[in-house]
Amino acid sequence: MESRNHFANGATPKSHTSRKSKTKSTMKTENVVLMKMARESLQGNWGLAIGTFLLYILIASVLPAVATIFPLSGLLSLIIAGPLALGIAIFSLALSRNQGARPEQIFQGFSNFVTALGAYLLMVLFIILWMLLLIIPGIIAALSYSMTFYIIADNNSIGAMEAIDKSKAMMDGYKWKYFCLALRFLGWALLCILTLGIGFLWLIPYMQVSMAKFYDDVKANQMTTENILSNP
């Protein structure tokens, strides 16, 4: 009778309470720690990172510039944006995970061309549609979709829409944290402007590897939570 009254009075079973407390214990790694981890991954790899991102920036910026003279090159720029974004995600993850990053990895996105292009076009479309309402919903949408290319980089068999949906689910509860991480680089960006843009050669790899660390941290937290919930 005593145990029945215990539950009747709204008390939570011990196993449920334990499971909830364990779920809460899957702590998010502080952004400052993720940035420190990014610097550690870049140690001894700054030359590789700077050279690779410089190549990416040149490719990404030359085509739009040429589009002012040859309009068709603007279409080409749109077509390759997705595969290049996927390539950068592949390279950043390899650098972050110390898995033998190579400059040619920025072109590996073309091996999954249809998915990369589809994901990019869908993301742009959805963000624009949300921004038609207000700028804030557009920013929230961009944050929700921010893990899409990392997800595709980890699973090249996933579809574009599925990757976007998975990113939305993954970023649930993490959008503000990701936004704060991005804000941490704002001051550095202002300083880079004072260096006539030269500082961006260091800042962009630092940012990208930090974002890759963020992705791996969120992914690890979700896997831990799923294991706890499946094993009460």
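Only the coordinates and a few stated rules stand behind these numbers; no lab work does. Since this is a predicted model, take the numbers as computed values, not measurements. Here the Cβ is made from the backbone with ideal geometry for all residues, glycine too, and neighbour counts use every protein chain on show.
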Open item on the list: How long are the semi-axes of the equivalent ellipsoid of the range 94-231, defined as square roots of 5 times the Cα gyration tensor eigenvalues? Whole Å, largest first.
Closed with: 24, 20, 18
Task: Neighbourhood charge, 15 Å Cβ-Cβ cut-off, centred on LEU122 and excluding it, Lys, Arg +1 and Asp, Glu -1 - done: 0
TODO: Would you kindly derive the ³J(HN,Hα) couplings of the range 185-201 from the backbone phi angles with the Karplus curve 6.51 cos²θ - 1.76 cosθ + 1.60 (θ = phi - 60°), listing them in order in whole Hz, with x for Gly and Pro?
DONE: 8, 4, x, 4, 5, 5, 5, 5, 4, 5, 8, 6, x, 5, x, 5, 4
- [ ] Quickly work out the ILE139-to-ASN98 label distance, labels modelled 7 Å from Cα along the C-beta direction, and quote it in nm with one decimal.
- [x] 3.7
- [ ] Can you check what the net charge comes to around THR52, using other residues whose Cβ is under 11 Å from the Cβ of THR52 (Lys, Arg +1; Asp, Glu -1)?
- [x] 0
TODO: For LEU55 paired with THR224, estimate the spin-label separation in nm (one decimal), with each label point 7 Å from Cα along the Cα-to-Cβ line.
DONE: 3.6
TODO: Give me the net charge of ALA163's neighbourhood, meaning all other residues with Cβ under 15 Å from the Cβ of ALA163; Lys, Arg count +1, Asp, Glu -1.
DONE: 0
